[in-house]
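First, the structure itself, so that you have it in front of you.
Just so it is clear, none of the values below were taken in a lab; they were calculated from the coordinates. Since this is a predicted model, take the numbers as computed values, not measurements.
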């Protein structure tokens, strides 16, 4: 395959989110044949099974973007030791109705950053459990439990020097994972 389209799902709605910055910065570590597009999840209605037969335009758009991708990248903050509700809502929408799950079989990476010393470890574990239930093939290793502190990003918004080697290794493993799944 010559070009890999990756759908990026950021679990934060905040424009100046650490995790939105991380999603943009880590994408720059990928080879040129990888293209990353952040999928908008903030405008989705709350999931209601009664709406399965007539999904909102925003839900259909999100599902089309995910279906067209070769892989997924989830970048999530940790809210109350789990994932944000907006992220769970997006996962629920894209897995429904039964038989129309656009997540199934997609290779994925899971990342997140938080000011806390444990990064987003709890949120990432909860997210991995949910992704397994909808058939996402999440990269198991290496994990990236990132503490957001001075130097994580440089002045240009790239990954800072102190974290670059570690996150480049993560990206290299992710790229190999997506390529392997595409074979």
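Relative contact order, percent, of the range 4-182 when contacts are C-alpha pairs under 8 Å separated by at least 6 residues?
24
Right, another one. Kindly work out what percent of the DSSP beta bridges joining two residues of the chain are antiparallel, to the nearest 5.
10
Just to be sure I understand: with springs between alpha-carbon atoms less than 10 Å apart, which residue in 104, 94, 140 has the highest mean-square fluctuation in the Gaussian network model of the chain?
Greatest mean-square fluctuation among the candidates belongs to 140.
How would you classify the range 74-183 from its alpha-carbon gyration tensor, with a ≥ b ≥ c the square roots of the eigenvalues: rounded for a/c under 1.5, else prolate if a/b is greater than b/c, otherwise oblate?
It is oblate, given that a/c is not under 1.5 and a/b is not larger than b/c.
Something else now. Roughly how many Å is it from the Cα centre of the range 163-179 to that of the range 74-110, as a whole number?
21
State whether the range 25-101 is rounded, prolate or oblate according to the following rule on the C-alpha gyration tensor (a ≥ b ≥ c being the square roots of its eigenvalues): a/c under 1.5 gives rounded; otherwise a/b larger than b/c gives prolate, and the remaining case gives oblate.
Verdict is oblate for the range 25-101.
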